[in-house]
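One structure below.
The values are calculated or read from the model by the stated rules, or taken from the named source; none is laboratory data. Please read all numbers here as calculations on a predicted model, not as lab measurements. Cβ sites come from the backbone with ideal geometry, for glycine too, and all protein chains shown count toward neighbours. To get the accessible areas, we keep the full protein, side chains included, count just its heavy atoms, and leave off ligands, DNA and RNA. Shrake-Rupley method; radii C 1.70, N 1.55, O 1.52, S 1.80 Å.
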There are 2 protein chains.
Amino acid sequence: MKTYQEAIQQIRARGYRLTRARQGVLKLLWKKRKPLAASDMQDLLAKQGIIVNKTTVYRELEFLAQEKHIEEVRLHDGRRYYECVSSHHHHLICVTCKSIDDVILENEFEREERQIEREAGFKVLNHSLEFFGVCAQCQ
Amino acid sequence: MKTYQEAIQQIRARGYRLTRARQGVLKLLWKKRKPLAASDMQDLLAKQGIIVNKTTVYRELEFLAQEKHIEEVRLHDGRRYYECVSSHHHHLICVTCKSIDDVILENEFEREERQIEREAGFKVLNHSLEFFGVCAQCQ
DNA sequence: TTGACAGATGCAACACAGTTGCGTTAGTAT
DNA sequence: ATACTAACGCAACTGTGTTGCATCTGTCAA
């Protein structure tokens, strides 16, 4: 639920610079509101005249994730995706058109996680849940 | 819940061959009962004298998954894992020692999936849930 | 036992995501 | 304007997974 402006301010407050790549990546994720992978972002930035090396994109994403401005997401195609921080949600992934939508569930496994900690002695830190299927457009 | 012998019989019944690599991979997955990645299996096979090319391992895994003798699993490190078929379960992944354990939940989101289909028009085919945390040994 | 068919294999070369070292560039504060 | 150092570009590299093609081998039938 952080805004683009808040992220910018926090970056400056911590003594980091506002480079074209940094602003570009942030703006992209806040505008699209969808998980994007590094090469997608490099292409999208290039279209708006921001030509950056792929190494820069990877390092920028690592930096922004470390600073908690964005979050890494894995969607089971082997690539790393990133999205802007928002309330905890899960993804609906269309196996046909690959589109990604968010979904917020009421049940967030608090009971199940307690059961796991009790029965397996496993301390749950976080979880990951994705639904695969066919979106409304592709049916 | 398929046994190793059943898998072997089904493979022969469908006219496919029983090669060293094929038997080796199957035996490994039935013995370990844990998700294994291609390169892990190549190493484990080599230790028991079964030297196979990585291409063979990848093709074997694809074949066995297609024939429904094994299942592909993604564990968010970007690699493809495979495990022998058993009842529907989820994974507990230790962020410290990377060990993987199974967990079976009572709630399998039938209600949530119906909600998703009703509200988003998204037809759910399957889902994927993993828990990340610290296992009993690593605490 | 042998021969032959086709499934299975090895090899080399490739594709792609992501990483590393290092010299250079460019935001920012003074 | 200057200097400090965060950030960048480049080239080379790692690891996972894929492809084309020539070769090999499990299986079955004669």
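Going through A:44, A:18 one at a time, which residue ends up being in a helix (DSSP H, G or I) and either surrounded by 13 or more Cβ atoms within 10 Å (Cβ to Cβ) or not assigned by TED's automatic domain parsing to the domain that holds residue A:128 (or both)?
Of the residues listed, the single one that is in a helix (DSSP H, G or I) and either surrounded by 13 or more Cβ atoms within 10 Å (Cβ to Cβ) or not assigned by TED's automatic domain parsing to the domain that holds residue A:128 (or both) is A:44.
Here is a check on your reading of the model: is residue B:53 more than 8 Å from chain A (Cβ to nearest Cβ) and open to solvent by 20 Å² or more (accessible area, probe 1.4 Å)?
yes
Based on what the data block shows, is residue B:95 over 11 Å from the mean Cα position of the chain (by Cα), within 29 Å of residue A:124 (Cβ to Cβ) and away from DNA strand D (no atom under 15 Å from the Cβ)?
yes
Would you please list the contacts, defined by Cβ atoms under 9 Å and residues six or more apart or on different chains, that run from a residue in the range B:72-88 that is on the phi > 0 side of the Ramachandran plot to a residue that is among the hydroxyl-bearing types (Ser, Thr, Tyr)?
That search, which allows pairs on different chains as well, returns B:76/A:128.
Can you find, within the range B:21-41, the residue that is nearest to DNA strand C (Cβ to nearest atom) among those that are outside any helix (DSSP H, G or I) and open to solvent by less than 60 Å² (accessible area, probe 1.4 Å)?
B:37
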